[in-house]
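What follows is one structure encoded as structure tokens, with my remarks underneath.
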Amino acid sequence: MAGIISPVVCEQEAAQRPEAKHIFSRAKLVEVIKHWEFKYELLDKYAKDLAVKNKHWEVSWSYHQNMVITRIEQREAVIKGLTQSNQLLVQNNAGFVRAENGWQELINQKDSEIMGLKQEKESLSHSPSVSTNWQEKYNALKEESSKRLEEKKATNVESVEKDNKSLAERIRKDMAEKREGWASLRKLIKEKFQKIEDKKSHLQEMSTKVLAVKQEILEGSQGRKQPGGEVTSGPG
């Protein structure tokens, strides 16, 4: 390392100086050399520690720099989003103001219409003939509406009755067709059962005949064997 005196150099320089031999003893020189060796080792250790810390700081600085850049970008994105939201709120607020003004104009218009109707009502109340005319028109409209409603009800009732009759006719027709089908099915089942019974009776009759024939054959064979088949035994 530059600027640091090696203990060996110190020892050589001390040996080259004649006056040092008279001033310092050998033990003192050894002590001085050990002292400088300790300082040299300590400086070497500090140099290594500084190199490790420097390397660590280089790595950490890159990480912290990236983290700071990321946070700055995030803050900029948040600021941009807030700016857009603020602009949108301003636009919505302008729309709300326009809508409020429109509603206010509509309310004023309705108020004017109400005031006009009130004035018209007051003027009509002062003219009985006009009021009577309006009452007659109302009664005529009410009567006509009632008449149309009754006609509509009658038409609906007639339509419902017609639909019910048509439905009942379809149900009766369907039931008649089903009864005919059931009767045909019962007849077919009865015929099949009769055929089964006939076949069963025929099989029983045939079985009886076969058994009778076998019995006759068996009895005939036993009758033929009996006369010649008898064996008599005498005293020997």
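Only the coordinates and a few stated rules stand behind these numbers; no lab work does. All values derive from a computational prediction rather than experimental measurement.
Our coupling estimate for the stretch 100-115, obtained by passing each phi through the Karplus curve with A = 6.51, B = -1.76, C = 1.60 and θ = phi - 60°, is 4, 5, x, 5, 5, 5, 5, 5, 4, 5, 5, 4, 5, 5, 5, 4 Hz, Gly and Pro reported as x. Averaging over all projection directions, the Cα-based convex hull of the stretch 141-182 occupies 2.3 nm² in the image plane.
Here, the stretch 79-200 is characterised by an Rg to Rh ratio of 1.58, where Rg is the alpha-carbon radius of gyration and Rh the Kirkwood radius.
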